[in-house]
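The values are calculated or read from the model by the stated rules, or taken from the named source; none is laboratory data. Note that this is a predicted model, so its numbers are computed, not measured. With ideal geometry, Cβ positions are generated from the backbone for all residues, glycine too; neighbour counts draw on all protein chains shown. When the accessible area is computed, the model is the full protein with side chains, heavy atoms only, and any ligands, DNA or RNA have been set aside. Shrake-Rupley method; radii C 1.70, N 1.55, O 1.52, S 1.80 Å.
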Amino acid sequence: MINTLLIANRGEIACRIMRTARELGMTTVAVHSDIDHQAQHVLQADLAIGLGGAKPADSYLLMDRILAAAHASGAQAIHPGYGFLSENADFARACEAHGLIFVGPPASAIDAMGSKSAAKSLMEQANVPLVPGYHGEAQDLQAFLDAAAAIGYPVLLKATAGGGGKGMKIVESAAAMAEAFASAQREAQSAFGDARMLVEKYLLQPRHVEVQVFCDQQGNGIYLHERDCSIQRRHQKVVEEAPAPGLPIELHRAMGAAAVKAAQAIGYVGAGTVEFLLDARGEFFFMEMNTRLQVEHPVTEAITGQDLVAWQLRIAQGEQLPLTQQQVPLRGHAIEVRLYAEDTDNDFLPASGTLELYREPAGGAGRRVDSGVVEGDVVSPFYDPMIAKLIAWGETREEARLSLLNMLRETVVAGVQTNLTFLSRILAHPAFAQAEVDTGFIPRHAEQLLPAAEPLDDRFWDTAAKAWLLARPVRSAATAGPWAELNSWRAGLPARSRVHLRCADLDRSFAAVDVSGCSYDPATRTLLLTDGQQRCRYPLLVGGQVLYLQWANTWQRIEPFDPIAEVEHSQQHAGGLQAPMNGSVVRVMVEPGQQVEAGAVLLVLEAMKMEHSIRAAEAGRVKAVFCSEGELIAEGTLLVEMEDAP
Ligand code: MV4
């Protein structure tokens, strides 16, 4: 019996699991890193125990400390969520060894699905359809040439130990196989410490359709329909929906049955997801099985009316499945989007910073937001950049799509770059509305989904200046007064009200600004501009000492600047290279006095589980280095100073 549940995770999934655990009357225990000590999952838990440092390896991945926290808090069970230790068979075994319930599958099932080739062999024995291919022990080039000849080119080389698209290489012809095979082996060895490969028929732009399965400890297994997760970017899901649009009922049932067969072939227990590739002819093939609750489980909950975390907790306590296959409802359609902290104008570089503004859409029927943050929280570079998930349900797919578009329009995030506008463009795209979804969706529509950033034109700046004069943040009494006005007023000179504004690292100064016929309504947070016969409304928010103006579907942050102070500041940091985000210094490649070419890597930062090279903007000599390897640095920290160009 579970009276106290420890959630070994953070962010939205930890909050989500706690919500259900509380509804089931359980005491909830959070674990956290030191920088997460005031995170929502900590504040919402009944108990909270610190694990250690910011890096996952120093906290959320420390099995012994998590187990110790479970004992110290009197927890009978640990829910791993997704990511972190959720698919770590050793952790599942360690929980068992400590007399704790691991809310997930048996360790043996995790092991079985850990290797692509082993998983495929198990599926082959269970007569689950596989992509035509070879995943045998022989790893010599000839074996792969023979297999590819039998399959027919193009073929796809995959690392056996790979996952999430890593270690895949398309081979168009026999002549290209030798080089591709050697290169794929080297990449697999370097990325996974295992050079073993498999080869499959390459399916052109398949759909990613996955089936939610549930098995209990009594050997029962059912499916809770499927999800289409084809809209991905670099193997990161962006939009998910249930059920998969346009699937004939026979195909829906066949995939469900195949998924349950796959799960039962490995003695599965709990929530699992069997991923298939679906080709244009309607044939489906086993891709891999995820032995955890997925990020996108809310869309399945929406169309079945079931709480999958409650199912997990009940099954973990030995209960039978709550429903038989025939009893599983399927009503309406649900679509989810993942709100990520990333810079979509800069190759989706992970973003971090403080959520100066964070407003979720209003609640309501068919609306759901799963998030782990509130306004003012810091989005850290140490963890997955997903901020929240927005889910909309409707009687039809179109209803769900329009509802989700409205939720996106109501969402406000400022202070951290996000993919919010990108998500709206996907949902609004005619191809998405017509359910033309497959794994090639984003590249196929990249021009409309990722247009070149519109320059901030004079009309924007004129609107910004009026917004500033009408809605500018009121200074506190302590700082108010003529000296605080950034308007370049000077004694003895003709009175003039100048406005100096900064937005998107651009500065603009204004002389007299005419706001006649314009107004700002703080109640509706709307700027109303009248220009001749035309009247325009703009959402406008005041946050701290800055404004946020919604312009071309993007929130633009507008702040004042003091032109005098700027002159002094710029003289200090000519040629200075500052950290583009919070992170840690992985490598320092230069030293003072060293001459470098334009584009040379000066140092490497790690942020959001990725490495980022900081390069010299132009050729020059290194004047000073202000950081060292292993150091944690905040966004904006001066890292390297270059000699002033001659
Ligand atoms: C494939 C494929 C085409 N043909 N296998 C990508 C990640 C990994 N889960 C398997 N993936 C693919 N395997 C064959 N034989 C195309 C992909 C693929 C993909 C699959 C699902 C979702 C998004 C994808 C994006 C690119 C490629």
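In region 502-525, the residues that are on the phi > 0 side of the Ramachandran plot form Cβ pairs under 8 Å with partners that are among the charged types (D, E, K, R) and open to solvent by 60 Å² or more (accessible area, probe 1.4 Å), at six or more places apart or across chains, as follows: Ala504/Arg557; Gly517/Asp531. Can you find a residue in region 265-278 that is assigned to a helix (DSSP H, G or I), in contact (Cβ under 8 Å) with a residue 40 or more places away in the chain and more than 10 Å from the ligand (Cβ to nearest atom)? Looking for residues that are assigned to a helix (DSSP H, G or I), in contact (Cβ under 8 Å) with a residue 40 or more places away in the chain and more than 10 Å from the ligand (Cβ to nearest atom), one finds at least one in region 265-278, hence yes. The one condition from (1) more than 14 Å from the ligand (Cβ to nearest atom); (2) open to solvent by 40 Å² or more (accessible area, probe 1.4 Å) that Asp194 does not meet is (2). Exactly one residue among Arg331, Arg292 is outside any strand (DSSP E or B), open to solvent by 40 Å² or more (accessible area, probe 1.4 Å) and within 16 Å of the ligand (Cβ to nearest atom), and that residue is Arg292. Check region 296-316 and report whether any residue there is farther than 18 Å from Arg253 by Cα and within 15 Å of the ligand (Cβ to nearest atom). So far as region 296-316 goes, yes, one or more of its residues are farther than 18 Å from Arg253 by Cα and within 15 Å of the ligand (Cβ to nearest atom). The residues of region 508-518 that are out of contact with any strand residue (DSSP E or B) (no Cβ under 7 Å at 6 or more places or on another chain) and either open to solvent by 50 Å² or more (accessible area, probe 1.4 Å) or within 14 Å of Arg459 (Cβ to Cβ) (or both), listed by number, are Ala511, Ala512, Asp514, Ser516.
Scanning region 236-250 turns up at least one residue that is among the charged types (D, E, K, R), more than 16 Å from the ligand (Cβ to nearest atom) and either open to solvent by 10 Å² or more (accessible area, probe 1.4 Å) or in contact (Cβ under 8 Å) with a residue 12 or more places away in the chain (or both).
When residues in region 200-220 are screened for being within 30 Å of Tyr153 (Cα to Cα) and surrounded by fewer than 23 Cβ atoms within 10 Å (Cβ to Cβ), 7 of them pass. Taken as a whole, the condition of being open to solvent by less than 10 Å² (accessible area, probe 1.4 Å), over 28 Å from Gly543 (Cα atoms) and of a type in the set (Asp, Glu) applies to Glu336. Quick one: is Glu124 under 24 Å from Leu5 (Cβ atoms), within 16 Å of the ligand (Cβ to nearest atom) and not polar (S, T, N, Q)? No.
Checked against (1) at pLDDT below 95; (2) more than 28 Å from Asp34 (Cα to Cα), Gly353 meets all criteria but (2). Just one residue in the set Ala433, Ala453 is of a type in the set (A, V, I, L, M, F, W, C), open to solvent by 10 Å² or more (accessible area, probe 1.4 Å) and touching a strand residue (DSSP E or B) at 6+ places or on another chain (Cβ under 9 Å); that residue is Ala453.
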